[in-house]
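J.: Before I ask anything, let me first share the structure, which is written out below as structure tokens.
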Amino acid sequence: MKQASDKQTAGELRVDFVSGPVAHRLRFGGGRGQALPKAMGLRNGKTPSIIDATAGLGRDSFLLASLGAQVTLIERSEKMHALLAEGMERAAREGGELQEIIGRMTLLHGDAKDLLPQLDGEAILIDPMHPPRKTTALVKLELRQVREIVGADEDAADLVRVALDNARSRVVLKWPAKADPIEGIRPCSHQIRGKTTRYDVWMTG
């Protein structure tokens, strides 16, 4: 793979685990008390193996790996997969804690609907592209760039159904707090709600 430059062009999308929001969350995020780790089952001394079926920028996977979880990231967009691989390589080169965290992350390229039946994950995280906001506020540039790369994830319901058939313990859907449920999926077991995001949890064990 072509070595990635450490210089970033203004406005260029980049996966960064070394600085910015990811580094801040690593230092001050609140550990296992955050909504995502609780939703994924990182509690009471338990650390499940996790599959992030829609890796995107990899931030949720990085958080979970920083808390000790072995995380398999699946990304079907070739361009996003390349950005993730470059970001992981840069972080690993930093050594120390960052290298250890990246060492718990395994990146795969492919469609999660095809790969999940071949993998063995206790907990599966699904964070598809969210529906357009009902407000007129402009979506953050970074998220617009991601949407341009990965598309609208119109098969999200199919992915959830595949995950429900293959997760040993639970499936977690990360979704806007006020958005309607995805149609065609059975009701979740419970929810963990935040101000802007909710986690719909299906227990499958």
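J.: Less than 14 Å Cβ to Cβ from Glu97, Lys/Arg counted +1 and Asp/Glu -1: what total charge do the surrounding residues give?
T.: Numbers: positive: Arg25, Arg27, Arg93, Arg104; negative: Glu94, Glu100.
Local net charge: +2.
J.: P(r) of the stretch 39-81 in 5 Å steps, Cα pairs, percent per bin?
T.: 5, 25, 31, 19, 10, 6, 2, 1
J.: Using every Cα-Cα pair within the stretch 7-133, state what percent have a distance larger than 25 Å. Kindly include the intermediate steps, with their values, before the conclusion.
T.: Details: 1713 of 8001 pairs.
Percentage above 25 Å: 21.
J.: Turning to a different aspect of this structure: Highest mean first, what order results for 118-126, 96-104, 53-61 on Cβ atoms within 10 Å?
T.: In descending order of packing, they fall as 53-61, 118-126, 96-104.
J.: Could you work out, for the stretch 156-202, what percent of all Cα-Cα pairs fall into each 5 Å distance bin, beginning at 0 Å and stopping at the bin that holds the largest distance?
T.: Computed distribution, short to long bins: 5, 23, 32, 25, 11, 3.
J.: With r defined as the distance between the Cβ atoms of Asp114 and Arg27 and R0 fixed at 25 Å, what FRET efficiency is calculated, to the nearest 0.05? Write down the numbers at each step before the final one.
T.: Details: r = 37 Å, r/R0 = 1.47.
Computed FRET efficiency for Asp114 and Arg27: 0.10.
J.: What length, rounded to one decimal in nm, is gained on full extension from Ala35 through to Thr197, with 0.36 nm per residue of separation minus their alpha-carbon distance?
T.: 57.4 nm
J.: Then there's this: What order do Phe28, Phe17 take when sorted by accessible area (1.4 Å probe), most exposed first? Present the calculation step by step, with values, prior to reporting the outcome.
T.: Details: Phe28 150, Phe17 0 Å².
Descending order: Phe28, Phe17.
J.: If all Cα-Cα distances of the stretch 89-130 are sorted into 5 Å bins from 0 onward, what percent lands in each bin, rounded to whole numbers?
T.: Values per bin, smallest distances first: 5, 16, 20, 18, 16, 18, 6.
J.: With all protein chains present, how much of the accessible area of the stretch 1-110 (probe radius 1.4 Å) comes from carbon and sulfur, to the nearest whole percent?
T.: Working: 2580 of 5300 Å².
Here it works out to 49 percent.
J.: Shifting gears a bit: Convert each backbone phi in the stretch 91-98 into a coupling constant with the Karplus relation 6.51 cos²θ - 1.76 cosθ + 1.60 (shift: θ = phi - 60°), then list the ³J(HN,Hα) values in order as whole Hz, x for Gly and Pro.
T.: 5, 5, 5, 5, x, x, 4, 4
J.: Would you check the accessible area of Arg32, probe 1.4 Å, heavy atoms only, in square angstrom rounded to 10?
T.: Here the residue's solvent-accessible area equals roughly 80 Å².
J.: Once amide H atoms are built 1.01 Å from N in the peptide plane, which residues 5 or more positions from Gly110, or in another chain, come under 5 Å H to H?
T.: Glu75, Arg76
J.: Which order do Asp127, Asp180 take when ranked by solvent-accessible area (1.4 Å probe, heavy atoms of all protein chains), largest first? Don't jump to the answer; show the numbers that get you there.
T.: Numbers: Asp127 45, Asp180 105 Å².
Putting Asp127, Asp180 in descending order of accessible area: Asp180, Asp127.
The values are calculated or read from the model by the stated rules, or taken from the named source; none is laboratory data. This structure is a prediction, so every number in the text was calculated from the model and none was measured. All Cβ positions, glycine included, derive from the backbone under ideal geometry; neighbour counts span all protein chains shown. When the accessible area is computed, the model is the full protein with side chains, heavy atoms only, and any ligands, DNA or RNA have been set aside. Shrake-Rupley method; radii C 1.70, N 1.55, O 1.52, S 1.80 Å.
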